[in-house]
1. Got a sec? How would H101, H23 order by Cβ neighbour count within 10 Å, fewest to most?
2. Compute the separation of the alpha-carbon centres of the range 72-96 and the range 1-58 and state it in Å as a whole number.
3. Search the structure for amide H atoms under 5 Å from the amide H of L54, placed 1.01 Å from N in the peptide plane, and list their residues when 5 or more places away or on another chain.
4. Per residue of the range 55-69, what does 6.51 cos²θ - 1.76 cosθ + 1.60 with θ = phi - 60° give for ³J(HN,Hα)? Whole Hz please, x for Gly and Pro, Karplus curve as stated.
5. Report the FRET efficiency, 1/(1 + (r/R0)^6), for F4 and D64, where r is their Cβ-Cβ distance and R0 is 35 Å, rounded to 0.05.
6. Taking the Cα centre of the range 17-102 as the origin and placing charges on Cβ (Lys, Arg +1; Asp, Glu -1), which of I20, P94, S32 is farthest toward the positive end of the dipole?
7. Projected area of the chain, taken from the Cα convex hull and averaged over every viewing direction, in nm²?
Amino acid sequence: MNIFDLPTVLSDGEVFETLIPDHGVLIERIISCGQVTPENQWYDQGRDEWVILLQGQAEISWEDGRMQKLNAGDWLLIPAHERHQVTYTSSDPPCIWLAVHARLGSME
């Protein structure tokens, strides 16, 4: 497999592909093609998420008003229960994310 190989037809929804089964750490590839989190919904995950944008451009917003624009190569550590939304993803090229969900703790 190649992390940059895309499905022949991209669906209307985001594509979540588990790369390594979840045995305490979940590693997945996410493909976004213009999808965003619905306006009144928030991700509120039970584990920390380290995510890197491998391709495309995106924007993440937090409930407290912070916002982060991402370009290819940019990464974030989102602590567990830090409510956030994806507010923009490019469609040309599609976004390819690599996400690691685990109890990672602070990286400071």
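Read-outs: derived from the displayed coordinates by stated rules, not from any lab. Please read these numbers as outputs of a predicted model, since none were measured by experiment. Quick reminder, even Gly has a Cβ in these numbers, built from the backbone with ideal geometry, and neighbours come from all protein chains shown.
1. So the ranking, lowest neighbour count to highest, is H23, H101.
2. 9 Å
3. Counting only residues 5 or more places away or on other chains, the set is G73, I96, W97, L98.
4. Result, ordered by residue: 8, x, 9, 8, 9, 10, 10, 10, 4, 7, x, 5, 9, 9, 8 Hz.
5. 0.55
6. Going by the Cα projections, it comes out as P94.
7. Working: hull surface 28.5 nm².
The number I arrive at for the chain is 7.1 nm².
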